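**Q** Just dropping this structure here.
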Amino acid sequence: MMVQNSARSYIADHVRDIPRSGIRDFFEIVQSMRDVISLGIGEPDFVTPWHIREAAIYALERGKTGYTSNLGSPSLRREIARHVEEHFGVKYDALSEVIVAVGVSEALDIALRAILNPGDEVIYHEPCYVSYSPSIALAHGKAVAVRTRAEDGFSLKAEDVAAVITPRTKALMLNFPTNPTGAVLPRAEQKKIAALCQEHDLVVLTDEIYSDLTYARDHESIASLPGMKERTIFLHGFSKAYAMTGFRIGYACAPAGLTEAMMRIHQYSMLCASIISQEAALEALKNGQAAADTMREQYEQRRNFLTKAFQDMGLGCALPKGAFYLFVDIRATGLSSREFALKLLEEEKVAVVPGMPLAGGEGFVRCSYATAMDQIEIAAERMAGFVRRVQGRAS
Ligand code: PMP
């Protein structure tokens, strides 16, 4: 007789311990409701520019439907190397130091799996993108969080990193501009952090997926500092700058030995990224700058409008320097992040992400302004009414 076993007992311990994404659970509720304005999802509201979609269609038309090299098509890798040198000032060899992946998500996963032995510690800064801590755990590493603070504009301080370095620390993960806070990392602090990484021989994983969305100043990568390229895995992709989330395409650049290690994982798990998406990505890099600039200008207008709207409501909201998120301090309402988000959804049909699932974000909510301006204007009006009512109830 077959023994009935619960599925739970089949699951590996390190997977069983991974929490479900709080954002996903929240958005299951959002999706079951009608007429909600969502400032929740971290996804551009723009459709991929037409010439990029056309490149994908044309790839199909020409019968480009097979595998590419495991590392990605040589023409795309060449274009990535050119782009990274031009925009970030770091020179990578197109054929041995660039790997095309299924989004930054996969690039991050193979980077972690390539470098971590079980129990190795990876330092990352919170609040952060939801996938960092689980991705480290899935690669058998130990995630070590460093809190960033509103009073520092949620930027990272070298001294806070230094305080958690141990003999088991293998890597430091950076994400600037940051999801969910929009923080950037000034060059002076980058230099201090780079010196620490060199002193303690740490690998740096730098997720710069939002680098095209910086508003005040040009983005600079830690990889471009002297002595850093050799210990850095630079992660980037097409989802945000070119509104290409559904294409699932990104890349990692790293010294040849590390790229080769990532490739070994990628070739057995993914084989290669979709050729159709690779063709589209090539077009994005060759001819997509104008469309990316236009989208960035629109994000900037929305950012300015929404930041002022929150400040007028009396909520703490500094003007973020990058990405497309506002991280709003809602403590003046007396509600927790979750209460605020749930009540706002129930009473005003506006969805924001409670800061709490984005670790370290209690007392804050994340609002994405990757939503059309007319929707943002209505959402701001509804939120202002909500905040007035909540504060009236409390007094
Ligand atoms: N890194 C960060 C910081 C992100 O915010 C996201 C998407 N929200 C990703 C990586 C994943 O990007 P991709 O679509 O390239 O997998």
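**Q** State whether the stretch 277-395 is rounded, prolate or oblate according to the following rule on the C-alpha gyration tensor (a ≥ b ≥ c being the square roots of its eigenvalues): a/c under 1.5 gives rounded; otherwise a/b larger than b/c gives prolate, and the remaining case gives oblate.
**A** Working: a/c = 2.53, a/b = 2.10, b/c = 1.21.
Note, shape of the stretch 277-395 comes out prolate.
**Q** While we're here: Suppose R0 equals 25 Å; then what is the FRET efficiency for Leu319 and Gln31 from their Cβ-Cβ distance, rounded to the nearest 0.05? If you can, show how the numbers build up before the last one.
**A** Details: r = 31 Å, r/R0 = 1.23.
FRET efficiency, Leu319 to Gln31: 0.20.
**Q** Taking the 0 to 90 degree range and rounding to the nearest ten, how far is the long axis of helix 337-348 tilted relative to the main principal axis of the chain, both from C-alpha atoms?
**A** 60 degrees
**Q** Here's another thing I want to ask about it. So if R0 is 25 Å, what FRET efficiency would Tyr58 and Ala290 give, r being the distance between their Cβ atoms, rounded to the nearest 0.05?
**A** Numbers: r = 19 Å, r/R0 = 0.78.
Once the sixth-power term is evaluated, E becomes 0.80.
**Q** Using alpha carbon centroids, what distance separates the stretch 17-42 and the stretch 117-192, in Å?
**A** Centre-to-centre (Cα) distance: 25 Å.
**Q** When a/c reaches 1.5 or more, the comparison of a/b and b/c decides; with that in mind, is the stretch 215-292 rounded, prolate or oblate per its Cα gyration tensor?
**A** Numbers: a/c = 2.56, a/b = 1.05, b/c = 2.44.
Because a/c hits 1.5 or more and a/b fails to exceed b/c, the stretch 215-292 counts as oblate.
**Q** Another question, if that's okay. From Cα pairs below 8 angstrom and at least 6 apart in sequence, can you work out the relative contact order of the stretch 25-173, rounded to a whole percent?
**A** Result for the stretch 25-173 is 16 percent.
**Q** For the stretch 91-192, report the accessible area per residue in Å² (1.4 Å probe, heavy atoms, rounded to an integer). It would help to have the intermediate numbers written out before the result.
**A** Values: 3650 Å² over 102 residues.
The answer is 36 Å² per residue.
**Q** Something else now. What ³J(HN,Hα) values, in whole Hz, does the Karplus curve 6.51 cos²θ - 1.76 cosθ + 1.60 give for the stretch 272-287 when θ = phi - 60°, with x put for Gly and Pro?
**A** Result, rounded to whole Hz: 7, 6, 4, 4, 5, 5, 5, 5, 5, 5, 4, 5, 4, 5, 6, 10.
**Q** Order Ser211, Ser131, Ser69, most accessible first, counting only protein heavy atoms with a 1.4 angstrom probe. Kindly include the intermediate steps, with their values, before the conclusion.
**A** On the way: Ser211 10, Ser131 30, Ser69 50 Å².
Highest to lowest solvent-accessible surface, that is Ser69, Ser131, Ser211.
**Q** For Val204, what residues show an amide H to amide H distance below 5 Å, using hydrogens built from the backbone and excluding near sequence neighbours?
**A** Here Leu172, Thr232, Ile233 satisfy the definition.
**Q** HN-Hα J couplings of the stretch 304-316 from phi, Karplus 6.51/-1.76/1.60, θ = phi - 60°, integer Hz, Gly and Pro as x?
**A** Karplus values, whole Hz, x for Gly and Pro: 4, 4, 6, 4, 5, 4, 5, 5, 5, 6, x, 9, x.
**Q** Still on this structure, please answer the following. In the structure displayed, which of Lys91/Lys321; Lys157/Lys321; Lys142/Lys191; Lys286/Lys321; Lys64/Lys229; Lys191/Lys308 lie more than 23 Å apart, Cα to Cα?
**A** Lys91/Lys321; Lys142/Lys191; Lys286/Lys321; Lys64/Lys229; Lys191/Lys308
**Q** Subtract the Cα-Cα distance of Ser96 and Glu199 from 0.36 nm times their separation in residues, and report this length gain in nm to one decimal. Mind showing how you got there, number by number?
**A** Details: separation 103, 0.36 × 103 = 37.08 nm, distance 2.70 nm.
This chain segment gains 34.4 nm when fully extended.
**Q** Apply the Karplus parameterisation 6.51 cos²θ - 1.76 cosθ + 1.60, with θ equal to phi minus 60°, to every residue of the stretch 244-257 and state each ³J(HN,Hα) to the nearest whole Hz, in sequence, with x for glycine and proline.
**A** 10, 3, x, 6, 6, 9, x, 7, 10, 10, 6, x, 3, x
**Q** Pop the C-beta distance of Tyr10 and Glu381 into the FRET formula with R0 = 51 Å and round what comes out to the nearest 0.05. Spell out each step's value before the answer.
**A** On the way: r = 50 Å, r/R0 = 0.99.
After rounding, the FRET efficiency stands at 0.50.
**Q** Placing +1 at every Lys and Arg Cβ and -1 at every Asp and Glu Cβ, with all other atoms neutral, what dipole size does the chain have around its Cα centre, in debye to the nearest 20? All intermediate terms of the calculation are to be shown ahead of the outcome.
**A** Details: 43 positive and 48 negative charges, 84 e Å.
About 400 debye.
**Q** Could you provide, to the nearest whole Å², the per residue accessible area of the stretch 235-339 with probe 1.4 Å? Write down the numbers at each step before the final one.
**A** Details: 3930 Å² over 105 residues.
Counting only protein heavy atoms, the per-residue value for the stretch 235-339 is 37 Å².
**Q** Which percent of the accessible heavy-atom area of the chain goes to carbon and sulfur, probe 1.4 angstrom? Present the calculation step by step, with values, prior to reporting the outcome.
**A** Working: 8870 of 17210 Å².
Answer for the chain: carbon and sulfur cover 52 percent of the accessible area.
**Q** Continuing with the same structure: If you wrap a convex hull around the C-alpha atoms of the chain and split its volume per residue, what is the figure in Å³? Walk me through the intermediate numbers first.
**A** Numbers: hull volume 67.8 nm³, N = 395.
Hull volume over Cα atoms, normalised by residue count, gives 172 Å³.
**Q** Let me ask you something else. Within 10 Å, count the other beta carbons around each residue, average over each peptide in 37-46, 383-392, and list them highest first. Kindly include the intermediate steps, with their values, before the conclusion.
**A** On the way: 37-46: 20.3, 383-392: 16.5.
Per-residue mean Cβ counts within 10 Å order the peptides as 37-46, 383-392.
**Q** Pairing the Cα long axis of helix 373-394 with the longest principal axis of the chain, what angle in degrees results, from 0 to 90 and rounded to the nearest 10?
**A** With both axes taken from Cα atoms, the answer is about 50 degrees.
The values are calculated or read from the model by the stated rules, or taken from the named source; none is laboratory data. The structure displayed is predicted, hence computed values, not measured ones. Note that we place each Cβ from the backbone using ideal geometry, even for glycine, and neighbour counts take in every protein chain shown. Note: areas computed on protein heavy atoms with side chains; ligands, DNA, RNA excluded. Shrake-Rupley method; radii C 1.70, N 1.55, O 1.52, S 1.80 Å.
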